[in-house]
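Data block below; observations after.
The values are calculated or read from the model by the stated rules, or taken from the named source; none is laboratory data. If you're wondering where the values come from, they're calculated on a predicted model, not measured in any experiment. All Cβ positions, glycine included, derive from the backbone under ideal geometry; neighbour counts span all protein chains shown.
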Amino acid sequence: MAALQGERAAAAGADTTNGLNRKDRFLVIAAALMALFLGALDTLVMGAAMPTIVADMGGLELYSWVFSVYLLSRAVTLPIFGKLADLYSGKHLFGFAIAIFLAGSLVAGFSTSMVQLILARALQGVGAGAAFALVYILLADIAAPGKRGKMMSIASFVWGLASVLGPPMGGFIVNYWSWRWIFFINLPLGFLSFLGIYLYFKETRVKKRRAALDLFGAATLTLTVLSLLTVFLMTGNHYRWLSLPIIGLLSVSLAGGVTFYYAEKHAADPILSIDFLSRSGFSSGNAAAFLSSFAIFSLAAFSPLFIQGALGKSPAEMGVAMIPLSLAWSGGALLCGQTAHRVRKRHYAVAGAFFMLAGSGLALTASPSIGLFTTALALAGAGMGFVSIASLLIVQDSLKTENLGAATASQQFARTLGGTIGVGISGSLLNARFMGKLSESGLDGSLPPAIGEQIRQNIEQIFRPDIQSLIPANALMALQETVGRGVSMVFWASTAASLLCLIFCLYLPRRAGTFPN
C-alpha cells in the first residue's frame, strides 16, 4: 500500500515544474497572457474609437494625449515594477497591477469629458506597464529549465495577435455597442486573469531578504523618462526642436538623468545597478532592443502614409498590406523562442538585425510596387521577432536569477523607449521634408487657408475624406505623392537604426550567458 502511494506521488510529481502541476501551470500561463492581451489591446483599439469619442465628448485639441499619456505612464512603470518583482511577492504585485488597470478602465468607461478620459488612461497605463513587466517575469519564473524562450515567444505571439485583432475589434465595438465597452470589456476578463494568478501561481524564486526601496532613484527615473518621452511626443506637429518648451524639457531630462546616475551609484539596492551596464549581454542586448524598436515602430507608424500616398492604395488595401508585418513579427518570435535552446541566441539576434536591415533597405526601393513593399515589411517584421526574443533571453541570462525582474523589465523598457523616440524622430524628419517640398512646389498656395493649417499641424489629415473633398484634384494628388516621397526619410532612419542594431548584435556574448537560468 505504501509503495502504491509512493508511485502515485512520483507520478504526480512528474508533471510538476517549478512547484506547479500541469493544470495549474496552464491556468497561470492563460491568466498572465490574458492580462498581456488586454494591455496590448487597449493600446491598439483606441484608434478606431477616438473619432466617435471626440464626437461624443468634444476636446479635439486633446486627441493625441489620450494615446500619449497611456504610453508615458506605461513606460515609467516598467522598470519600477521590474525591480519590485525582485523584492516582493509576484502574486501580490500582479493583483495590484490588475486592480489599477481595472480601476482605470472603469473610470474611462464612465468618463464624461476628455480630461477625465486622459486621467483614466494614465491610470490604465500604470496598471498595464506593471502587468507587462510582471507577465514576462512570471512566465520566466515558471518556465521549465531551458524552455524560457518558448514562454517568451508565446507572449510575443499574443502581442502580434492583439495588433491584428485590435483595430477591427475597436471598430466592431464602436459600431454595434458603444465606445465605452472598449473599457468595460476589460472588467470581467481582467478579473479572470486576477483569479488565475491569485489561486494557482506559486512563488518559486527566492526574493531578497533585505528589501530597501530606492525611492529617490524611482523619482529621478520617472522625471527623466517623462521629460524625455514628452519631448518626442510633442515635437514635429506641436513644437519645433529649438522651441522653449522642448529645450526646457530636454534640460529637465538631462538633469534628471545625471541625478539618477549618481543616485544609483550610491543606493543600497538600486532600481538599475550601474554595474549591470558592464556586462556585454545586458548593455548590448538592451541597445539592440532599443534600436530594433526604433526601426520597426518607425516603419510601422509611417508605412500607411507611403502606401496611401506614393503607392496610391485605398485604406482597405493599406490595412491588408500591413498585416504581413505583424504576422511575420509573431512568426519570427515564435520560431526563435521555440528553437532558442538548440540555436545560439546571438545567431538569432544577428540574423534578425540583418533581416531588419534588408527590409528597411528594400522599402527604399519599393515604389511603386505594393508587392515589393509588403515583402519589405515582412522581412523587417520577422527580423524584429528574432531580435526581440533573442535580446530578451540574452539580457535575462546576463544577470543572476535574483535580478530576473530588473533584467526583464530593462529590455521591455528599452523597447518602449526605442519605439517612442523612433516615431518622434521619424515624424520630425517626415514633417521637415514635407514642409520643404510643399514650399518648393508652391502647392500650399493652392490650398484653402484653413485646410493648409490643418495639414501643417498633422500631415495625416490629407487622407481624411472630408479634407480631400475640399482640395482640388490635381493638388490632392501632388500632396499625396509628396507625403509618400517624404516617408523615404523615415525609411532612411529605419535603415540606419537597423545597421546600428546589427553592430550591437555582433557584440553580444557568444556563449549562452554568464549565469545559467
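Which of the following residues is of a type in the set (Gly, Ala, Ser) and in contact with a Cys (Cβ under 9 Å, 6 or more places away or on another chain): Ser153, Ser105?
Details: Ser105 fails: in contact with a Cys (Cβ under 9 Å, 6 or more places away or on another chain).
None of the others qualify; the one that does is Ser153.
Applying the criterion of at least 2 residues that are surrounded by 21 or more Cβ atoms within 10 Å (Cβ to Cβ), at pLDDT below 90 and under 23 Å from the mean Cα position of the chain (by Cα) to the helices (runs of 4 or more DSSP H) found wholly in segment 370-458 leaves 370-398, 404-441.
Output yes when any residue across segment 258-266 is in contact (Cβ under 8 Å) with a residue 12 or more places away in the chain, within 24 Å of the chain's Cα centre (by Cα), closer than 22 Å to Arg415 by Cβ and surrounded by 22 or more Cβ atoms within 10 Å (Cβ to Cβ), and no when none is. Outline the logic, then answer.
Keep residues of segment 258-266 that are in contact (Cβ under 8 Å) with a residue 12 or more places away in the chain, which gives 259-261, 263-264.
Cutting the leftovers down to within 24 Å of the chain's Cα centre (by Cα) gives us 260.
Applying the additional criterion that residues be closer than 22 Å to Arg415 by Cβ yields 260.
If we keep only those that are surrounded by 22 or more Cβ atoms within 10 Å (Cβ to Cβ) too, we end up with 260.
The answer is yes, given that some residue of segment 258-266 is in contact (Cβ under 8 Å) with a residue 12 or more places away in the chain, within 24 Å of the chain's Cα centre (by Cα), closer than 22 Å to Arg415 by Cβ and surrounded by 22 or more Cβ atoms within 10 Å (Cβ to Cβ).
Which of the residues that make up segment 227-281 are outside any helix (DSSP H, G or I), at pLDDT 85 or above and among the hydroxyl-bearing types (Ser, Thr, Tyr)? Spell out how you get there, then give the answer.
Quick first cut of segment 227-281, residues outside any helix (DSSP H, G or I) only: 235-243, 267-273, 279.
Checking which are at pLDDT 85 or above leaves us with 279.
Of everything in segment 227-281, nothing turns out to be outside any helix (DSSP H, G or I), at pLDDT 85 or above and among the hydroxyl-bearing types (Ser, Thr, Tyr).
Looking across segment 70-117 at every residue that is among the polar types (S, T, N, Q) and touching a residue at least 40 places away in the same chain (Cβ under 8 Å), the one that is surrounded by the fewest Cβ atoms within 10 Å (Cβ to Cβ) is identified as Thr112. For segment 127-139, the set of residues classified as among the aliphatic types (A, V, I, L, M) and surrounded by 23 or more Cβ atoms within 10 Å (Cβ to Cβ) consists of Ala128, Ala130, Ala131, Ala133, Leu134, Val135, Ile137, Leu138, listed by residue number.
Residues being surrounded by fewer than 17 Cβ atoms within 10 Å (Cβ to Cβ) and either over 27 Å from Phe96 (Cβ atoms) or polar (S, T, N, Q) (or both) are entirely absent from segment 150-163. For segment 312-330, the set of residues classified as surrounded by fewer than 21 Cβ atoms within 10 Å (Cβ to Cβ) and touching a residue at least 60 places away in the same chain (Cβ under 8 Å) consists of Gly312, Pro315, Gly319, Ile323, Leu327, listed by residue number.
So which of Asp42, Asp56 ends up being surrounded by fewer than 17 Cβ atoms within 10 Å (Cβ to Cβ), outside any loop (DSSP other than H, G, I, E, B) and of a type in the set (Asp, Glu)? Sole residue among the options that is surrounded by fewer than 17 Cβ atoms within 10 Å (Cβ to Cβ), outside any loop (DSSP other than H, G, I, E, B) and of a type in the set (Asp, Glu): Asp56.
Among the residues of segment 169-189, those identified as outside any helix (DSSP H, G or I) and within 19 Å of Leu102 (Cα to Cα) are Ser178, Trp179, Arg180, Ile185. Only one of Ser73, Ser64, Ser68 is in a helix (DSSP H, G or I), modelled with pLDDT under 85 and closer than 27 Å to Gly217 by Cβ. Can you tell me which? Going through Ser73, Ser64, Ser68 in turn, just one is in a helix (DSSP H, G or I), modelled with pLDDT under 85 and closer than 27 Å to Gly217 by Cβ: Ser68.
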